[in-house]
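*Asks:* Take a look at the following structure, please.
Taken together, the values in this text are just the output of simple stated rules run on the coordinates, not laboratory data. Computed from a prediction, not measured in an experiment: that's the story for all the values here. Because the Cβ atoms are built from the backbone with ideal geometry, glycine has one as well, and the counts that use them run over all protein chains shown.
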Amino acid sequence: MRKKFSYMLYLTGVVMLTACSADENVSRQDGLYQESWSAEMYAVKEEGKELTPITDEGEVTTRAILFGGNDGNRYYSLWDQGDNADVYYNGVKVGSFTPNDYGHRDSKLTGTLTGTYSVGEVLDLYIPKADIDYTGQNGTIASMCGEHTFMEATSTVSQVDESNKFVDMNSALFHHKQVFLRFRFQDADGIRLHIEQLTIHADGGKLLLSKPKDGDPLYGDLVVNTVKENGEYPSEIYVALHNDLGTTDTYSFTVKAGGYVYASTDAASKVTANIRDGNYHWIYRTLSLQGSASRIQSSSEVSNFENGNGDTGESGSVTF
């Protein structure tokens, strides 16, 4: 009887080992076993458009641009090392892709997916992730083009190779989720302002601060706290922004510079435009002196100017 029992245990062990060997392409996720697939596709980053400048007279010219990267030395639209595209199927993250080629708008993407797929099914892709957050920018090109540049695309499954656990997907075009803005400001005497803090306000109330993929959007005034360059604050800064209003809106600005506060006080110092995602705008405005930063900070007339996180929607108006 003891020999029979030992033999049964041995058989059980063999079955378990065999099962593990047969399921090499199966991974455990959320308590369930999911099939694992190698996958690839080709993808293109949307080519941006430069609208430069939006002058005090409101003139706009358009030309195509092709900068790129997230290293702070180039602009946007090219694949870079470190780029990552999260992949979602039916609202659930199932894997991620990375580019095989750099320095071009198009690249082959490869990665691993979990789940079960068939030809024709649609997957959503997000760069660098599905959760969007425009807060925490510091006004540099690296900040705007790196962690605060969001893109998305969709692709369909074109081939499923069951024997090799391989999924091939159709080519996709990634679209920008934000506009790219370059700011300069001067005072009434034409002196360039060195920007310590910029607050951007949209009259429509739909200036997006952040949005979790499956959560509610947070709207408000966007606050940008800059960093010093060569010992002084910059006179030109870069900001990524998205307006959910989706139509013409009026933007106003408040700038803290040199211990003083300057703001948009009339139509000429504001911008009224339909600023579309994927474009690059150069905005140069003359702002009016409001007083010393210390006086305004303690005044009830300007609320939350120094909150620095842009998450209340209550700070003074700011314009592009």
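*Asks:* Once label points are set 7 Å from the Cα along Cα→Cβ at both Y42 and T98, what is their separation, rounded to one decimal in nm?
*Replies:* About 2.3 nm, to one decimal.
*Asks:* Something else about it: Might you report the magnitude of the Cβ-based charge dipole of the stretch 179-297 about its Cα centre, with Lys and Arg at +1 and Asp and Glu at -1, to the nearest 20 debye?
*Replies:* Charge dipole of the stretch 179-297: 100 debye, to the nearest 20.
*Asks:* Taking 0.36 nm per residue of sequence separation and subtracting the Cα-Cα distance, how much length would be gained by fully extending the chain between R184 and N90, in nm to one decimal?
*Replies:* 29.5 nm
*Asks:* What does the charge count near A202 come to, summing +1 for each Lys or Arg and -1 for each Asp or Glu among other residues with Cβ under 13 Å from its Cβ?
*Replies:* Around A202, the surrounding residues sum to -2.
*Asks:* Once you put a point 7 Å from the Cα of I191 and another 7 Å from the Cα of T248, both along the Cβ direction, what distance in nm separates them?
*Replies:* In this crude spin-label approximation the distance works out to 3.6 nm.
*Asks:* How much length is gained if the chain between D168 and R105 is pulled fully straight, taking 0.36 nm per residue apart and subtracting their Cα-Cα distance, in nm to one decimal?
*Replies:* Contour length minus the Cα-Cα distance gives 20.7 nm.
*Asks:* Return the subset of K108/K177; K129/K211; K45/K165 for which the Cα-Cα distance in this structure is over 20 Å, preserving the input order. Before the final figure, lay out the partial values.
*Replies:* Details: K108/K177 22 Å; K129/K211 11 Å; K45/K165 28 Å.
Table pairs above 20 Å Cα-Cα are K108/K177; K45/K165.
*Asks:* Within a 10 angstrom radius of the beta carbon, how do S210, S264, S158 rank from fewest other beta carbons to most? Let's see the in-between values first.
*Replies:* Values: S210 18, S264 26, S158 13.
Listed from fewest to most nearby Cβ atoms, that is S158, S210, S264.
*Asks:* How about the stretch 92-137: which chymotrypsin sites (Phe, Trp or Tyr not before Pro) there are in a DSSP loop, with at most 16 other Cβ atoms within 10 Å of their Cβ?
*Replies:* When the chymotrypsin sites (Phe, Trp or Tyr not before Pro) of the stretch 92-137 are filtered for loop state and at most 16 Cβ neighbours within 10 Å, Y102 remain.
*Asks:* Could you list H176, H194 in order of exposure, starting from the residue whose Cβ has the fewest other Cβ atoms within 10 Å?
*Replies:* By the 10 Å Cβ count, ascending, the order reads H194, H176.
*Asks:* Another question about this same structure. What FRET efficiency do you get for L289 and D216 if R0 is 51 Å and r is their Cβ-Cβ distance, rounded to the nearest 0.05?
*Replies:* E(calc), rounded to 0.05, equals 0.85.
*Asks:* Additional query: If r is the Cβ-Cβ distance from N230 to T265 and R0 is 41 Å, what FRET efficiency results, to the nearest 0.05?
*Replies:* Numbers: r = 31 Å, r/R0 = 0.77.
Using R0 = 41 Å, I get an efficiency of 0.85.
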